[in-house]
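Take a look at the structure set out below.
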Amino acid sequence: MKGKSSIWFKHLKEKGTLNIDRDVFIFGFFLVLSFVFWYLNSLGKEIESEVKYPVRYINLPKERVLTEGLPAKLDLYLKGPGYSVLKLKLSGNRAPLVLDISTINYRRVPGSRSLNYFLLTDGLIPILSNQLHAECEITSVSPDTLFFSFDRITSRSVPVIPDIEVLTERQYFIKGSMFVDPDSVTLTGAEHILDTTSAIRTRHKRYSGLSETVKKSIGLRMIKGILASSKKVTVTIPVEQFTEAETQVPVRIINKPDSIDVKIFPDVVTVKGLVAISDYKKFEEIPFEVVLDISKADLKSSDKIPVEFRNIPPFVNSLRVSPSRVDFLIERKNK
């Protein structure tokens, strides 16, 4: 008997819960439905709202460029039927409103020596309203004042600097300098930018494993707001196999006082360096200078005196001399 009572009570409890859930669902449905009817009814009434709208500026003064100021979007405060305002707010990709600078009344900032100007946006309302094609009206625009500047457009020629990292195969080197064609470009843009631009670089490139001369077309690292006469240049990277060459060079003594004679041992040294195979025969013809500068030597010391190079050609790498220090003997002259 007790078991039957427990089952009957449980069934009654579940039935009550079901009725409560159904009542809540019905109440929620009618609540949402009433909100929808209220909202649809309000769309026909006049409301006020704000919307951000993109703006595009055209017909700037000749040989002038905007440097700062004019915003890409303006805050429009709208008043009109709810459905019209809602349509504007929900529109995704809005075509920008066009402002023709040549027809707008802007003024120079009082006391400004540069090309600084200001514009009161309430004067833009008729222009913006004609392009908006909506049943609502624009009551105001924010910000209420736009400040902006013009700069002169100038041109100047600057050199092109290759920003290139090269790793060659073993026994291969870059012979000389990279060749850039064209080696300079003409930049056109705002005067204040060009005044601080002394050169333009290529985009950074890294080449590895090179074993021959290559030519690469590389884009320039463009400067924002600046046009270049060429967007790409051709860079020649002269790679050639190098080999070791050597020659015998006499040591020349310089800055010797007249009161002494200096003898050195050895007085001829071996000069070695890495040169391109095509320049191998030139190595012996190079007028190397290996000198011993007495004014820099400590003649009271028993140490050997170091020698140094002069007249080193640019196509020789890893130049060294053997021996790099020489013995010396000082003899004083009789008065």
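The values are calculated or read from the model by the stated rules, or taken from the named source; none is laboratory data. Computed from a predicted structure; not experimentally measured. We place every Cβ from the backbone using ideal geometry, glycine too, and count neighbours over all the protein chains shown.
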Practice prompt. Name, by its number, the condition in (1) assigned by TED's automatic domain parsing to the domain that holds ILE193; (2) touching a Lys or Arg at 6+ places or on another chain (Cβ under 8 Å) that does not hold for LEU119.
Written response: (1)
Discussion item. Quick check on segment 172-194. Is at least one of its residues among the basic types (Lys, Arg) and loosely packed, with under 13 Cβ neighbours inside 10 Å?
Written reply: no
Worksheet item: Within segment 285-307, can you find the residues that are of a type outside the set (Val, Ile, Thr) and surrounded by 13 or more Cβ atoms within 10 Å (Cβ to Cβ)?
Response: PHE288, GLU289, LEU292, ASP293, ALA297, LYS304, PRO306
Practice prompt. Give me a count of the residues in segment 144-153 that are surrounded by 12 or more Cβ atoms within 10 Å (Cβ to Cβ) and in contact with a Ser or Thr (Cβ under 9 Å, 6 or more places away or on another chain).
Written response: 6
Worksheet, complete the sentence: Counted residues in segment 196-235 being more than 15 Å from the chain's Cα centre (by Cα) and over 25 Å from ARG156 (Cα atoms) come to 11
Worksheet, complete the sentence: Result of the Cβ filter at 7 Å on segment 315-327, keeping first residues that are without any contact (Cβ under 8 Å) to a residue 12 or more places away in the chain and partners that are part of a strand (DSSP E or B) and surrounded by 13 or more Cβ atoms within 10 Å (Cβ to Cβ), at least 6 apart or interchain, is none
Worksheet item: Hey, among the residues in segment 35-76 that are among the polar types (S, T, N, Q) and touching a Ser or Thr at 6+ places or on another chain (Cβ under 8 Å), which one's modelled with the lowest pLDDT?
Response: THR67
Practice prompt. Select from segment 107-134 the residues that are in a loop (DSSP other than H, G, I, E, B) and surrounded by 13 or more Cβ atoms within 10 Å (Cβ to Cβ) and write down the one among them that is farthest from the chain's Cα centre (by Cα).
Written response: ALA134
Worksheet item: Among (1) charged (D, E, K, R); (2) over 30 Å from ILE104 (Cα atoms); (3) in contact with a Leu (Cβ under 8 Å, 6 or more places away or on another chain), which single condition is ASP181 missing?
Response: (3)
Item to complete: Working carefully through the options ASP261, ASP279, find the one that is touching a residue at least 12 places away in the same chain (Cβ under 8 Å), in contact with a strand residue (DSSP E or B) (Cβ under 6 Å, 6 or more places away or on another chain) and more than 30 Å from SER157 (Cβ to Cβ).
Response: ASP261
Worksheet entry | Pair list, Cβ < 8 Å and 6+ apart or interchain, from segment 103-122 residues that are among the small types (Gly, Ala, Ser) to residues that are not in a loop (DSSP other than H, G, I, E, B) | SER114/SER149
